[in-house]
1. Pop a pseudo-label 7 angstrom from the Cα along the beta-carbon direction at both Glu137 and Ala61 and give the gap in nm to one decimal.
2. Under a GNM of the chain (C-alpha, springs under 10 Å), which listed residue has the highest mean-square fluctuation: Val59, Val124, Val75?
3. Expressed as a rounded percentage, what relative contact order does the stretch 16-157 have, with Cα pairs under 8 Å and six or more residues apart?
4. Let me check I've understood the local charge: for Ala28, count other residues with C-beta under 14 angstrom from its C-beta, Lys and Arg +1, Asp and Glu -1. What total comes out?
5. How big is the antiparallel share of DSSP beta bridges in the chain, given as a percent to the nearest 5?
6. So what is the 222 nm mean residue ellipticity for the chain from helices alone, if each DSSP H run of at least 4 adds -39500 (n - 2.57) and you divide by all residues, rounding to the nearest 500 deg cm²/dmol?
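FYI, it's all coordinate maths here, none of it is from the lab. In this text, all values refer to a predicted model and were calculated from it rather than measured experimentally. Backbone-built Cβ (ideal geometry, glycine too); neighbour counts: all protein chains shown.
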Amino acid sequence: MTMRAALAALGVLMAAPASSGDDADARAAIDAFFERYYGAFSGDDCERIAREMVRAPAVMATPDGVLTLSDEASVLATYQKIRGDLAADGYSHSELLESHISVLGPTTALVATRFRRVRGDGSVIVEAGATYTLVYEGQWRIASAMVHPGDRLVSLR
């Protein structure tokens, strides 16, 4: 893979600025994407996440380390492990508490979120933050995700 292809996969290359009308459309599409993403995650639909929502290769940085998700199979295995670990703790669903979207251009965006993972009895497993790089290739998809404390959201204007 060339350096340009690697940077494009991570959403690092800057695209031409979008117009404000395009930004509104992109924001609405990204909001809808995250509704589907949280629905798929909560519904244990790891196959859909791997097939439609994460663009491999992708990078996931967590407090436990950095993972390179090189292909759809590694995305699927990673999400299945995450969901399995959560299920062992009584996981029921995730709630998106807050999101801030910065559309960088017609094919790239940064999204800072705060979310919670909830058990079946309603108690909270964890409240955290995640910052995503999204790329648009006919649909919005995650190119990178960084999980961090919920009180340390990236400030996006």
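1. Each label point is offset 7 Å from its Cα along the Cβ direction, giving 2.2 nm.
2. Val124
3. 23
4. -3
5. 90
6. Values: 3 runs with 46 residues, N = 157.
Helix-only estimate at 222 nm: -9500 deg cm²/dmol.
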